[in-house]
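Student: Sending over a structure as structure tokens; questions will come in a sec.
The values are calculated or read from the model by the stated rules, or taken from the named source; none is laboratory data. Keep in mind it's a predicted model, so treat the numbers as computed, not measured. Here the Cβ positions follow ideal geometry from the backbone for every residue, glycine too, while neighbour counts run over all protein chains shown. Ligands, DNA and RNA are stripped out before the accessible areas are found, and what is left, the full protein with its side chains, is counted by its heavy atoms. Shrake-Rupley method; radii C 1.70, N 1.55, O 1.52, S 1.80 Å.
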Amino acid sequence: MTESNPIKSAVGKVVDAVTDGGPASKAEIPGAPNSEPASLEQPTEPREPLPPKPDQTGPDTGSPTGEPTGAPQAAMAQTGAFLTTAQGVRLRDTDHSLKAGPRGPVLLQDFHLREKVMHFDHERIPERVVHARGAAAHGVFRSYGTASNVTRAAFLAEGAETPVFVRFSTVLGSRGSADTVRDTRGFATKFYTTEGVYDLVGNNIPVFFIQDGIKFPDVIHAGKPHPDREIPQAQSAHDTFWDFVSLHTEATHHTLWNMSDRGIPRSYRMMEGFGVHTFRLVNAEGATTLVKFHWKPKLGVHSLTWEEAQMISGVDPDFHRRDLADAIEAGAYPQWELGIQVFPDTPEQMFEGIDLLDPTKIVPEELAPVQPVGLMELNRNPSNYFAETEQVAFHTGHLVPGIDITDDPLLAARLFSYLDTQITRLAGPNFAQIPINRPHAPINVMLRDGWHQDAVHRGVAPYKPNSLDGGCPFHAGASEGAYVEVPLEVSGRKVREAPASYADHFSQARLFWLSMSAPEREHIIDAYTFELGKCYEQAIKERQLRVLANIDPVLCREVAQGLGLPEPAPSEPLADPAPSPALSQVGREWPADGRIIGIVADESCDLGVVGAVRQAVLSAGMVPLIIAPKGGMLGTMPVQRTFLTARSVEFDALLLAGAPMPGKDAYGARDAKAGNRLPDEPVDPRVKLMVQEVYRHAKAIGGWGTAGQALAQAGVPEQAPGVVVGGDGEQVLRDVVGLMGAHRVWERFPAAA
């Protein structure tokens, strides 16, 4: 589902821009807070509200009952130049309460004070129990038509284009937690299809902790902060989490994915998505097929190093949401291909010995290739976080004709839970009428009243059958697009049991381990050692080592040594699965679109070369950030970062236009990163630190001019893997972009295990 050498395109753009002297790029550095720059003085001339930025939009302006209104986006935004009450009464002052004299008591009759404070007191709604911290974007899904033979869903027909809204999220943390914690990520897509809303509510990990939804409260209670201290926030490095997963070994497969690099993605744009469950598709003839859904990012699947993730949590806790919004604003629209793994719908619902109803199992892509069925592009940012990202309501039961569910017991609980939680979060049963949730299909329900009823229903007979409303609404048949459940035979004794096929908790975890490259295995060892090392109870560490012993002896031994504990023997024979190369993030090349390149420079550098390189980065669809000793302008170029404000974790690669001398603020009392520099130190110590961090995190480094001096000061050999030094800045850029195709310079990660 990927190009054979997609990085070639990005390199070609750079080459063209550098060698042909093409037209200057009109791309701007993303991040401006509004559509117009602010004036130095406070504006006093009344004017209408500013329009949104070009990258921003809101929900479509449909009515609560699904009727397109044709109204502009501005119809849902504030209007008029003057401040008013919620009832439209203009106000002359909002800075002073109504008082009995300047020093007198506030008067109870101040209706503006009452309304303003009342609304403020109720501005917050309950956050999601899970997936509280999220970021989202609007886009479009274009179907290839290749799924038409297995489903009659209209949005998967050939040539169909469907608006979408996608929300990415972490699972465990609160709304105020950091983006780059080690955690599972949510990947939820709302398709506004012509047949109604379809929600594909998935994760970036294809398996789940549990096999039955009745245990969902247990795993979340274990992963959340301890109830006595409300710590730790948004992380699994604590006793209750490891107590649960070490006792509940069906969580082993998901836990291993979480301890891998998949638990700390580089970007939402570089993250796979999975439907987790097996679903049933129904075609026009009524034939059924079982499928698993996959989202494959066009930029590849990439991750942070653990040190990067920890640093970013402090330096920029909004890293992932900023990355997504900035990429869209810069025109580097992220794309994913939707693909399906297809299986015959047999009575046993097994494939190659794998139980398709077990959400802790995958089907390796080598056994069932992922077949692409459409392309999704996110191209517009929300204009209001609360109205859209926070109020969007997903539900696994939002289905359309042609897509049906299976008997996965985890899916059954999700079908109940999602609806139930919206009633509390969104204050009643009418959450589907919130603009971001409104279907783009006609709505005719017999549901009435309730909190926040925005529709003004007509008629007198919200029941069936009726004659007073002319019999309306009428039932639809299958030929008229009605949703018809697959008429499956259901039988069996009422029991609280799991099938025997659910008892295998280790073979697929071992499959994942054996499929990892050497650096990825080192990262897994480090993650287990770090996370378990934060636990207090020795018994929990020892118990989890018993689990690891059933995955692989090397993994268990290395973690045991890090914890200072004996290595236990496995309690059952180790499986011998064939590795699945598709599970590794290493070994392929990907486009550099939307990547961020830091360019270190000062007045002593050849600013003409710096400008040409900066322009070439822009022309290649990437974002250049100039890093200089102080803010303002460097020649004719705006400085986006200074040595004080920059940190290596912001950049995918670093270019050195020379060896900048220490800035005036390069001393520890002003900037701790500078440390206690020597009086005769030739290079700013913060540049040296930046180079050391970039090198340690296996990112590409390029330099020209006197850059060799900066590398020498940082202790980085010019001949080291992934280091490019030359006399031509444009050629250095070409070479660095080529290195970025592999995401990291993996040769810098020697593997001992």
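Student: Check Pro679 against each of (1) at pLDDT 95 or above; (2) farther than 21 Å from Glu307 by Cβ; (3) surrounded by fewer than 20 Cβ atoms within 10 Å (Cβ to Cβ) and name the one condition it does not meet.
Tutor: (1)
Student: What residue, of Val554, Val547, is out of contact with any helix residue (DSSP H, G or I) (no Cβ under 7 Å at 6 or more places or on another chain) and modelled with pLDDT of 95 or more?
Tutor: Val554
Student: Just checking: which of the helices (runs of 4 or more DSSP H) contained wholly in the range 664-753 hold 1 or more residues that are of a type in the set (Lys, Arg)?
Tutor: Per the criteria, 685-696, 729-740.
Student: Output the number of the condition that Ala560 fails; it satisfies all remaining conditions of (1) open to solvent by 10 Å² or more (accessible area, probe 1.4 Å); (2) more than 32 Å from the chain's Cα centre (by Cα).
Tutor: Here Ala560 meets the rest and fails (1).
Student: Next up: Inside the range 490-537, can you point out the residues that are over 18 Å from Glu308 (Cα atoms), open to solvent by less than 60 Å² (accessible area, probe 1.4 Å) and of a type in the set (Ser, Thr, Tyr)?
Tutor: Ser501, Tyr502, Ser507, Ser515, Ser517
Student: In addition: Of the residues that sit in the range 393-420 and are open to solvent by 40 Å² or more (accessible area, probe 1.4 Å) and of a type in the set (Asp, Glu), which one is farthest from the chain's Cα centre (by Cα)?
Tutor: The selected residue is Asp407.
Student: So Gln341 ticks every box in (1) open to solvent by 20 Å² or more (accessible area, probe 1.4 Å); (2) in contact (Cβ under 8 Å) with a residue 24 or more places away in the chain; (3) not acidic (Asp, Glu) but one. Which box is left unticked?
Tutor: Failed condition: (1).
Student: Now for a different question. Gly80 - would you say it is in contact with a strand residue (DSSP E or B) (Cβ under 9 Å, 6 or more places away or on another chain) and part of a loop (DSSP other than H, G, I, E, B)?
Tutor: Judged against the criteria, Gly80 is a match.
Student: Under 8 Å between Cβ atoms, at least 6 apart or on separate chains: pull out the pairs that start in the range 521-537 with a residue that is under 26 Å from Pro581 (Cα atoms) and end on any residue that is open to solvent by 40 Å² or more (accessible area, probe 1.4 Å) and at pLDDT below 95.
Tutor: Between residues of the range 521-537 that are under 26 Å from Pro581 (Cα atoms) and residues that are open to solvent by 40 Å² or more (accessible area, probe 1.4 Å) and at pLDDT below 95, the close pairs are Arg521/Ala751; Arg521/Ala753; Glu522/Phe749; Glu522/Ala751; Glu522/Ala752; Glu522/Ala753; Ile525/Ala753.
Student: Turning to a different aspect of this structure: Could you tell me which residue of the range 82-120 is modelled with the lowest pLDDT, considering only residues that are of a type in the set (S, T, N, Q) and either closer than 27 Å to Thr170 by Cα or open to solvent by less than 60 Å² (accessible area, probe 1.4 Å) (or both)?
Tutor: Among those residues, the one meeting the criterion is Thr85.
Student: Name every residue in the range 270-299 that is in contact with a helix residue (DSSP H, G or I) (Cβ under 6 Å, 6 or more places away or on another chain) and either under 16 Å from Gly374 (Cβ atoms) or not hydrophobic (A, V, I, L, M, F, W, C) (or both), in order of residue number.
Tutor: Within the range 270-299, His277, Pro297 meet the criteria.
Student: Still on this structure: What about Ala86, is it out of contact with any strand residue (DSSP E or B) (no Cβ under 8 Å at 6 or more places or on another chain), closer than 28 Å to Val392 by Cβ and outside any loop (DSSP other than H, G, I, E, B)?
Tutor: no
Student: Just give me the residues in the range 421-461 being part of a helix (DSSP H, G or I), open to solvent by 30 Å² or more (accessible area, probe 1.4 Å) and closer than 20 Å to Tyr198 by Cβ, in sequence order.
Tutor: Thr421, Ala432, Pro435, listed by residue number.
Student: Where residues in the range 44-60 are of a type outside the set (Lys, Arg) and open to solvent by 100 Å² or more (accessible area, probe 1.4 Å), which of them is farthest from Gly70 (Cα to Cα)?
Tutor: By that ranking, first place goes to Thr44.
Student: Also, I was wondering about something else. On the basis of being surrounded by 16 or more Cβ atoms within 10 Å (Cβ to Cβ) and modelled with pLDDT of 95 or more, does Pro685 make the cut?
Tutor: yes
Student: OK, next. Any idea how many residues of the range 694-705 are farther than 15 Å from Ile599 by Cβ and either open to solvent by 10 Å² or more (accessible area, probe 1.4 Å) or out of contact with any helix residue (DSSP H, G or I) (no Cβ under 9 Å at 6 or more places or on another chain) (or both)?
Tutor: Qualifying residue count for the region: 2.
Student: Out of Asp179, Asp261, I need the residue that is at pLDDT 95 or above, open to solvent by 10 Å² or more (accessible area, probe 1.4 Å), within 15 Å of the chain's Cα centre (by Cα) and not β-branched (Val, Ile, Thr). Which one?
Tutor: Criteria check complete, one pass: Asp261.
Student: Being out of contact with any strand residue (DSSP E or B) (no Cβ under 7 Å at 6 or more places or on another chain) and modelled with pLDDT under 95 narrows it down to one of Ala527, Ala569, Ala592, so name that one.
Tutor: After applying the criteria, what remains is Ala592.
Student: Same structure, new question: Which members of the range 206-240 meet the condition of being assigned to a helix (DSSP H, G or I), in contact (Cβ under 8 Å) with a residue 24 or more places away in the chain and either open to solvent by 60 Å² or more (accessible area, probe 1.4 Å) or in contact with a Gly (Cβ under 7 Å, 6 or more places away or on another chain) (or both)?
Tutor: Hits for the range 206-240 are Ile214, Phe216, Asp218.
Student: Specify which of the listed residues (Asp60, Asp110) is of a type in the set (Asp, Glu), touching a strand residue (DSSP E or B) at 6+ places or on another chain (Cβ under 8 Å) and at negative phi.
Tutor: Checking each option against the conditions leaves just Asp60.
Student: Can I ask one more? Kindly provide the set of residues from the range 82-94 that are more than 16 Å from His119 (Cα to Cα), out of contact with any Ser or Thr (no Cβ under 6 Å at 6 or more places or on another chain) and not hydrophobic (A, V, I, L, M, F, W, C), ordered by number.
Tutor: Correct list: Arg92, Asp93.
Student: While we're looking at this one, here's another question. Please verify whether the range 544-551 includes one or more residues that are of a type in the set (A, V, I, L, M), touching a residue at least 40 places away in the same chain (Cβ under 8 Å), in contact with a Cys (Cβ under 9 Å, 6 or more places away or on another chain) and closer than 22 Å to Thr360 by Cβ.
Tutor: Scanning the range 544-551, I find at least one residue that is of a type in the set (A, V, I, L, M), touching a residue at least 40 places away in the same chain (Cβ under 8 Å), in contact with a Cys (Cβ under 9 Å, 6 or more places away or on another chain) and closer than 22 Å to Thr360 by Cβ, so the answer is yes.
Student: Right, another one. State all residues of the range 355-392 that are buried (at least 20 other Cβ atoms within 10 Å of the Cβ) and either without any contact (Cβ under 8 Å) to a residue 60 or more places away in the chain or more than 21 Å from Gln341 (Cα to Cα) (or both); if no residue qualifies, say none.
Tutor: Leu378, Arg380, Asn381, Pro382, Glu388, Thr389, Glu390, Val392
Student: When the range 647-680 is examined, which residues are found to be basic (Lys, Arg) and either over 30 Å from Ala327 (Cβ atoms) or without any contact (Cβ under 8 Å) to a residue 60 or more places away in the chain (or both)?
Tutor: Lys664, Arg670, Lys673, Arg677
Student: Considering only the range 121-159, state which residues are within 30 Å of Val181 (Cα to Cα), in contact (Cβ under 8 Å) with a residue 24 or more places away in the chain, open to solvent by 60 Å² or more (accessible area, probe 1.4 Å) and not β-branched (Val, Ile, Thr).
Tutor: Scanning the range 121-159 gives Pro126, Glu127.
Student: Which of the residues spanning the range 277-332 are in a helix (DSSP H, G or I) and open to solvent by less than 10 Å² (accessible area, probe 1.4 Å)?
Tutor: Across the range 277-332, the qualifying residues are Glu308, Ala309, Ile312, His320, Leu324, Ala327, Ile328.
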